[in-house]
Amino acid sequence: MVRGWRIAPPLLALAFAHSALVQPVLAQSPLPQSSPPMQAGGNTPDLPPIPVAKDSPWPGGPMRIEVDASDIIRRIVRVRQTITVARSGPLILLAPQWLPGHHAPRGEIEKLAGLTFTADGQTLGWRRDPLNVHAFHLTVPAGAKAVVADFQYVAATDRDQGRIKIGSAVMNLQWDNLSLYPAGYAARQIPVQARITMPAGWTDATALRGTRSDSTTSYATTDYETLIDSPVFAGRFAMSHDLGQGVRLNIVADSAAELVATPDQVARHRRLVAETVALFGARPFDHYDFLLAISDEMGRIGLEHHRSSENAVGTGYFSRWENGPGDRNLLPHELVHSWNGKYRRPVGLATPDYATPMRGELLWVYEGQTQFWGYVLGARSGMYSKDQTLDALATIAAKLDIAQGRQWRPLADTVMDPIIAARRPKAWTDWQRSEDYYNEGLMLWLEVDALLRQGTGGKRGLDDFAHAFFAARDGDWTLSTYGRADIVAALGQVMPYDWEGFLTRRVDSVQPELPKAGLELGGYRLVYRDTPGAAVREREADSKLIDQSYGVGLTVKDDGFVSAVIWDSAAFRAGLRVGDRVVAVNATEYSRARFLDALRNGAEGGNGRRTEVIVRQGKAVRTIALDYSGGIRYPRLQKTGEGDGSLDRLLKPRL
């Protein structure tokens, strides 16, 4: 229940009485009126409106983009772009703003610098549009055949400037940062030729195909939409593996040692590709390139494209394989997006250019079902074990179950979060909610699979839906859109059921408790133990923290800093908040072991025994009593029956 303010009856009566007394006075005292606004004249010329993109060919001919990315010391990328034109007069050039896969306007316009335009050697004036800062207005002089734009992309040199994309040995170049395009035309109708000069000795990888000469790669002419969808990874240390089915794993890393993969590790990636193609039945691409950076310098990323994906993880991807699954659910997720999100795309996300706002109502399908298949295919291929998968599902379910924000915010509204919050940190994430369409979407589709298997006696499941709904012509990557009605109809073809009613309950309605039917129908139930499973144990070790979100309601770093507090938990009620630092536990200097012992002993002691912590909150120091005796709690899945349930069968390899 959401707690609100209450006024005691006597005070309420007094409040109304006071209101009645002062009302006549207010009525006799009209608000003072200011003078009308003064309308000043001006000489600022009106700018023409930015035209809506039309699906007709750009009449000017191919654009040429020349990129010099050799300055890795200052991380300045220099761009010269030639925009051929068919006529003189007004021209509006746009920097990409709404970027596919980001689910929000994420174009890094602030990193575009030094912009100048020329035509036939003559410098052209330009003006930025006051309503769309990604738009530049200029005038093409009579007789000019092309406009040349020169500018720099000044990449982040420190993490407080944004994600690090260029390091001393690795680089991630995205064409949306390195190009402009003419307004009024669909991106797929604008031809473009591009070339990149890399640091000497570096290797580049991309879904684009081209020819290399010394340190410069010239790519074949393509359309602007395909260019934007084909980022480049490059590195001083690089390796590539053929995974079959037209798929390659291209790796760049901070050091040569990070490239070393055992034959078994490579074989698991090959099985991932084979299991994925077996699930969907055909490939919506002529070739596909995993772009994988193993780096502590480059900022992490997982971003889908139709014929490639950007994947950046920390060091140890291969060398610490046995420590746990780590980031190994990233590649399965991004590969699935080639089918779900790129080939089959929600109609609201299929925009003609990068100025048209995107609508993400179906992100619980786009991302939610992709999250589901990412974990399933990871288990089927051996990228991680069945037990590791079950532990991950337990953690996901438990995190969603304790999220108090589900009392007021339905799953449908979380699809707006990339725009609302811009992926910035939050003080009370479980109350505010975040991009839960990923993992709650996963739980929704797990329930759909369980319902299908139950209703058909195990004969059908979500595999059948995926094989039909994402069916493609092998090697053809033509876009095919879908809406909610298409999802409902396709599910009905697998098994008749009130799927619209189901989605209304699960997606559109507030649900104070996470529906766990997908686990329960699948033969498992969510329980809590005093020892962590593999997923939590690895996270605690890697991030150097204690995650007791499910008990006292607190996540605290090994150095005592509080990184999360669950709304309305014991920690919340005691007054703890993110950013506090626990300096002592029961009058003894804080340590990880002492804090866990205090929680454990508080439960064993009973009789309301409390844990006292001394907390530094800014400059203040407080002693706080944690009124909690529930002990240490970690989520696990417990099997509820004999033999294989539907969840066991779902995770089994198909090949």
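The values are calculated or read from the model by the stated rules, or taken from the named source; none is laboratory data. In this text the structure is predicted, and so the values were computed from the model without any measurement. Methodologically, a virtual Cβ is constructed for each residue, glycine included, from the backbone with ideal geometry; neighbour enumeration extends over all protein chains shown. Just the protein is used for accessible areas: all its heavy atoms, side chains included, with ligands, DNA and RNA removed. Shrake-Rupley method; radii C 1.70, N 1.55, O 1.52, S 1.80 Å.
If I ask for residues that are among the aliphatic types (A, V, I, L, M), assigned to a helix (DSSP H, G or I) and crowded, with 16+ Cβ neighbours inside 10 Å, which ones from the range 469-492 would you list?
Residues satisfying the conditions are Ile487, Val488, Ala490, Leu491.
Would you say Glu110 is open to solvent by 10 Å² or more (accessible area, probe 1.4 Å), at pLDDT 95 or above, in a helix (DSSP H, G or I) and out of contact with any Phe, Trp or Tyr (no Cβ under 6 Å at 6 or more places or on another chain)?
Yes; evaluated as a whole, the condition is true for this residue.
Starting from residues that are part of a loop (DSSP other than H, G, I, E, B) and of a type in the set (D, E, K, R), keep the ones in the range 619-655 and report whichever is surrounded by the fewest Cβ atoms within 10 Å (Cβ to Cβ).
Selected residue: Lys619.
If you check Ala238 against the conditions, is it closer than 20 Å to Phe318 by Cβ, in contact (Cβ under 8 Å) with a residue 24 or more places away in the chain, of a type in the set (A, V, I, L, M, F, W, C) and not in a strand (DSSP E or B)?
no
Quick check: anything in the range 64-72 outside any strand (DSSP E or B) and either of a type in the set (A, V, I, L, M, F, W, C) or open to solvent by less than 30 Å² (accessible area, probe 1.4 Å) (or both)?
yes
Exactly one condition in (1) surrounded by fewer than 18 Cβ atoms within 10 Å (Cβ to Cβ); (2) more than 30 Å from Arg188 (Cβ to Cβ) is not met by Met495; state its number.
(1)
The conditions are (1) in contact with a helix residue (DSSP H, G or I) (Cβ under 6 Å, 6 or more places away or on another chain); (2) under 18 Å from Val615 (Cβ atoms); (3) of a type in the set (A, V, I, L, M), and Leu521 fails exactly one of them. Which is it?
Tallying (1) in contact with a helix residue (DSSP H, G or I) (Cβ under 6 Å, 6 or more places away or on another chain); (2) under 18 Å from Val615 (Cβ atoms); (3) of a type in the set (A, V, I, L, M), Leu521 fails exactly one: (2).
Could you tell me how many of the residues in the range 430-460 are closer than 18 Å to Arg506 by Cβ and part of a helix (DSSP H, G or I)?
17
Go over the candidates Arg423, Arg433 one by one and state the one that is among the charged types (D, E, K, R) and open to solvent by 10 Å² or more (accessible area, probe 1.4 Å).
Of the residues listed, the single one that is among the charged types (D, E, K, R) and open to solvent by 10 Å² or more (accessible area, probe 1.4 Å) is Arg423.
Is there a residue being acidic (Asp, Glu) and within 21 Å of Arg106 (Cβ to Cβ) anywhere in the range 159-166?
yes
Just to confirm my filter: which strands (runs of 3 or more DSSP E) fall fully inside the range 120-175 and include at least 1 residues that are among the acidic types (Asp, Glu)?
Filter on the range 120-175 gives 146-154.
With respect to Lys426, determine if the residue is assigned to a loop (DSSP other than H, G, I, E, B) and in contact with a helix residue (DSSP H, G or I) (Cβ under 6 Å, 6 or more places away or on another chain).
yes
Which numbered condition in (1) out of contact with any Leu (no Cβ under 9 Å at 6 or more places or on another chain); (2) more than 21 Å from Asn311 (Cβ to Cβ); (3) open to solvent by less than 30 Å² (accessible area, probe 1.4 Å); (4) not charged (D, E, K, R) is the only one that Thr157 fails?
It is condition (3) that Thr157 fails.
Please enumerate the residues belonging to the range 505-544 that are of a type in the set (D, E, K, R), assigned to a loop (DSSP other than H, G, I, E, B) and surrounded by 16 or more Cβ atoms within 10 Å (Cβ to Cβ).
Lys516 - this is the single residue of the range 505-544 that is of a type in the set (D, E, K, R), assigned to a loop (DSSP other than H, G, I, E, B) and surrounded by 16 or more Cβ atoms within 10 Å (Cβ to Cβ).
So Leu99 clears everything in (1) open to solvent by 20 Å² or more (accessible area, probe 1.4 Å); (2) within 30 Å of Arg344 (Cβ to Cβ) except one condition, right? Which one?
If we test Leu99 against (1) open to solvent by 20 Å² or more (accessible area, probe 1.4 Å); (2) within 30 Å of Arg344 (Cβ to Cβ), just (1) comes out false.
On the given criteria, is Asn172 closer than 21 Å to Ala355 by Cα, surrounded by 14 or more Cβ atoms within 10 Å (Cβ to Cβ) and out of contact with any helix residue (DSSP H, G or I) (no Cβ under 7 Å at 6 or more places or on another chain)?
no
It is to be established whether one or more residues within the range 256-265 are modelled with pLDDT of 95 or more, open to solvent by less than 10 Å² (accessible area, probe 1.4 Å) and of a type outside the set (S, T, N, Q).
no
Which ones in the range 480-501 are under 21 Å from Leu650 (Cα atoms) and not hydroxyl-bearing (Ser, Thr, Tyr)? Show your work before the answer.
If we filter the range 480-501 for residues that are under 21 Å from Leu650 (Cα atoms), which is where we start, we get 487, 490-497, 499.
Result: Ile487, Ala490, Leu491, Gly492, Gln493, Val494, Met495, Pro496, Trp499.
Would you pick out the residues in the range 282-296 that are crowded, with 18+ Cβ neighbours inside 10 Å and either over 21 Å from the mean Cα position of the chain (by Cα) or under 14 Å from Ala234 (Cα atoms) (or both)?
Arg283, Pro284, Phe285, Asp289, Phe290, Leu291, Leu292, Ala293, Ile294, Ser295
Can Pro231 be described as closer than 29 Å to Gly162 by Cβ and crowded, with 17+ Cβ neighbours inside 10 Å?
Yes, satisfied.
Being open to solvent by less than 50 Å² (accessible area, probe 1.4 Å), under 27 Å from Arg406 (Cα atoms) and in contact with a Pro (Cβ under 7 Å, 6 or more places away or on another chain), is that true of even one residue in the range 572-589?
No.
Being surrounded by 15 or more Cβ atoms within 10 Å (Cβ to Cβ), among the basic types (Lys, Arg) and assigned to a helix (DSSP H, G or I): is that true of Arg600 here? Spell out the reasoning first.
Working: surrounded by 15 or more Cβ atoms within 10 Å (Cβ to Cβ): no; among the basic types (Lys, Arg): yes; assigned to a helix (DSSP H, G or I): yes.
For Arg600, the condition - surrounded by 15 or more Cβ atoms within 10 Å (Cβ to Cβ), among the basic types (Lys, Arg) and assigned to a helix (DSSP H, G or I) - is not met.
Identify, from the list Gly641, Gly645, the residue that is under 34 Å from the mean Cα position of the chain (by Cα), over 30 Å from Gln407 (Cα atoms) and small (Gly, Ala, Ser).
Only one candidate qualifies: Gly645.
Name the helices (runs of 4 or more DSSP H) wholly inside the range 302-415 in which the number of residues that are in contact (Cβ under 8 Å) with a residue 24 or more places away in the chain, within 19 Å of Asn439 (Cβ to Cβ) and open to solvent by 20 Å² or more (accessible area, probe 1.4 Å) is 2 or more. Give the steps one after another, and end with the answer.
Numbers: elements: 330-336, 363-366, 368-381, 386-401, 411-414.
Filter on the range 302-415 gives 368-381, 386-401.
Which ones in the range 125-143 are surrounded by 18 or more Cβ atoms within 10 Å (Cβ to Cβ) and aliphatic (A, V, I, L, M)?
Scanning the range 125-143 gives Ala135, Val140.
Looking at the range 189-202, is at least one residue of a type in the set (S, T, N, Q) and in a loop (DSSP other than H, G, I, E, B)?
Within the range 189-202, not a single residue is of a type in the set (S, T, N, Q) and in a loop (DSSP other than H, G, I, E, B).
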